[in-house]
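Note sheet for the following structure.
The values are calculated or read from the model by the stated rules, or taken from the named source; none is laboratory data. This one's a predicted model, so the numbers in the text were calculated from it and none came from an experiment. Note that each Cβ is placed from the backbone with ideal geometry, even for glycine, and that neighbours are counted across all protein chains shown. Only protein heavy atoms, including side chains, enter the accessible area calculation; ligands, DNA and RNA are left aside. Shrake-Rupley method; radii C 1.70, N 1.55, O 1.52, S 1.80 Å.
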Amino acid sequence: MDDNDSDEDFVFLLQLMLAEQEAEAAFKDELLASAGLVCYGLEEAYQLRVSRRSLRRLYLTRTDLLPNPRTNTPWQALYHSQNDRAFITTMGFDVATFHAILHHGFERLWNETPIPRRDVPASSMPRVVRRSLDAHGALGLILHYLNSTMLDVSLSQIFAIVPTTVSRYIEFTLGILLFTLRRMKDARIQWPVGNEFGENNNLILARHPLLLGAFGSMDGLNLPVQTSQDQEVENATFNGWLQEHFISSVFAFGADGENNETMLSKHSHMI
């Protein structure tokens, strides 16, 4: 074999190696392109599922609400007004009663009790500064919830907190409010003691001889009122059954007429 044949064989082998390298590089490029298309398709499919799911999930997110639940919210405006009419319209209590509940244990329990969570031990210290609402806001939230039929979405807008937080705070503060009211003398329901039961029953029997064993009575009362120009007051006083505007209350009292207690119905106002 001469030198020319050796050079031709070398060139042929070199071209063959280069062709194999180019084919391998092209294969890798095609493989990367295919992988990229697959990833792009998976991402597009995920975004499509998210979009479709979002259309079915009708709730508010953090970006839909005011930025800070403790500043410049409708609740903050209501609270800082310290207006009895506004407090009674939205929460069923005047300003003095609101603060009485707050200072008779509700605020202390809110600040010292950790909110139950699955990922937090029950013995952990409460992080009050991390909560969306302070004690005043928490009491306002639960009273709004109890005093009206509004949806959680409305509470989210008023207090600038997401629906999951609304639900968690309502469940938590219901127990705190019940614990507080049970220890307030003015909110306590007590049975007659000693001779008081017999004395009250004698008074009842004098008027209603068949009510043996009764020591008090309870009756409903509808007080007609004029139609208010304020839309919230107008809605709160309208009685759909009677088709008129009333302040509806239930009065419970002892037969001697003392220690009268007034329990406002769900859509009534203090007078």
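Just a few scattered comments:
- Selection of the stretch 151-166 for residues being open to solvent by 30 Å² or more (accessible area, probe 1.4 Å) and of a type in the set (A, V, I, L, M, F, W, C) yields L151, V153, I158, V162.
- Given (1) touching a helix residue (DSSP H, G or I) at 6+ places or on another chain (Cβ under 6 Å); (2) more than 11 Å from A255 (Cα to Cα), index of the condition G213 fails: (1)
Residue-wise test of (1) modelled with pLDDT of 90 or more; (2) surrounded by 15 or more Cβ atoms within 10 Å (Cβ to Cβ); (3) closer than 25 Å to T97 by Cα.
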site: L146; (1), (2), (3): no, no, yes
site: T149; (1), (2), (3): no, no, yes
site: G198; (1), (2), (3): no, no, no
site: I204; (1), (2), (3): no, yes, no
site: L210; (1), (2), (3): no, no, no
site: Q231; (1), (2), (3): no, no, yes
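- F179 vs. criteria in contact with a Gly (Cβ under 8 Å, 6 or more places away or on another chain), open to solvent by 40 Å² or more (accessible area, probe 1.4 Å), at pLDDT below 85 and not small (G, A, S): no
- Counted as qualifying within the stretch 32-134 are the helices (runs of 4 or more DSSP H) with 3 or more residues that are at pLDDT 90 or above and exposed (fewer than 15 other Cβ atoms within 10 Å of the Cβ), namely 74-81, 107-112.
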